[in-house]
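Undergrad: Handing you this structure, nothing more for now.
The values are calculated or read from the model by the stated rules, or taken from the named source; none is laboratory data. Note that the structure is predicted; figures quoted are calculated from it, not measured. Methodologically, a virtual Cβ is constructed for each residue, glycine included, from the backbone with ideal geometry; neighbour enumeration extends over all protein chains shown.
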Amino acid sequence: MSKDQLIMLLKKYKENKARLRLKLRDKERILRQLDSIKEIELKSSVAEINSDIHSKNSISDKVGNYATNNTDRENNLKQELEVLEKEIIELNSMIEEIDIRLDALKYKEREILIAYYIDGCTYEDIGNRIYFRLFNQTRSARHIQRMIERSTEKIIELRLKMS
């Protein structure tokens, strides 16, 4: 993974997590809709069996049309579910990649990288506000910049050491 790819993943981390949560919610909605279609099919088949002989043709036509519409709807939902599952897997892998790399850092390095890339803080803001909150000290913008560069290189090299 190149430095640019890693930085892009870091910058999109929050967005990807939010997109993942939305996709998971959509998946649950689709699964509920599929379950409701199956329940309706069961109820309609029971209604067809219990119908009177005289009205059997009209009921079976209604049930047949309804079943056809539900089958089409079910197929569309299944296709939508397949697409969602692929997107969920992709988002999960991007988020997991960043989580693993951030876990390899020391606490200070991790917090500073998160503040810079993910939260979008400036060097000065990190040095004065965040670093002070963490360690009751301030650091210059140049010092914070060097820390970010070293930490970024460290998580890029992580893959090279593992290979």
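Residues checked against (1) loosely packed, with under 12 Cβ neighbours inside 10 Å; (2) at pLDDT below 90; (3) in the same structural domain as ALA141 (by TED's automatic domain parsing); (4) over 29 Å from the mean Cα position of the chain (by Cα):
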{"residue": "MET1", "(1), (2), (3), (4)": "no, yes, no, no"}
{"residue": "GLU28", "(1), (2), (3), (4)": "yes, no, no, no"}
{"residue": "SER44", "(1), (2), (3), (4)": "no, yes, no, yes"}
{"residue": "THR68", "(1), (2), (3), (4)": "yes, yes, no, yes"}
{"residue": "ARG73", "(1), (2), (3), (4)": "no, yes, no, no"}
{"residue": "LEU77", "(1), (2), (3), (4)": "no, no, no, no"}
{"residue": "LEU84", "(1), (2), (3), (4)": "no, no, no, no"}
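Undergrad: Of the numbered conditions (1) outside any loop (DSSP other than H, G, I, E, B); (2) in contact (Cβ under 8 Å) with a residue 24 or more places away in the chain, ARG142 satisfies every one except a single condition; which is it?
TA: With (1) outside any loop (DSSP other than H, G, I, E, B); (2) in contact (Cβ under 8 Å) with a residue 24 or more places away in the chain applied to ARG142, the lone miss is (2).
Undergrad: Quick check on the stretch 71-78. Is at least one of its residues without any contact (Cβ under 8 Å) to a residue 12 or more places away in the chain and under 22 Å from LEU20 (Cα atoms)?
TA: Yes, the stretch 71-78 contains a residue that is without any contact (Cβ under 8 Å) to a residue 12 or more places away in the chain and under 22 Å from LEU20 (Cα atoms).
Undergrad: Scan the stretch 99-127 for residues that are crowded, with 17+ Cβ neighbours inside 10 Å and more than 26 Å from the chain's Cα centre (by Cα) and jot them down.
TA: Passing the criteria: TYR123, ILE126, GLY127.
Undergrad: A follow-up question, please. Please specify each residue of the stretch 104-124 satisfying the condition of being over 13 Å from LEU10 (Cβ atoms) and among the small types (Gly, Ala, Ser).
TA: ALA104
Undergrad: A further question follows. Checking MET8 against (1) modelled with pLDDT of 90 or more; (2) touching a helix residue (DSSP H, G or I) at 6+ places or on another chain (Cβ under 9 Å); (3) surrounded by 12 or more Cβ atoms within 10 Å (Cβ to Cβ): exactly one of these is not met. Which one?
TA: (2)
Undergrad: Quick one: how many residues across the stretch 80-109 are in contact (Cβ under 8 Å) with a residue 40 or more places away in the chain and of a type outside the set (Asp, Glu)?
TA: Within the stretch 80-109, residues that are in contact (Cβ under 8 Å) with a residue 40 or more places away in the chain and of a type outside the set (Asp, Glu) number 12.
Undergrad: Using the structure shown, decide if GLU96 is assigned to a helix (DSSP H, G or I) and assigned by TED's automatic domain parsing to the domain that holds ASP26.
TA: When the stated conditions are applied, GLU96 passes them.
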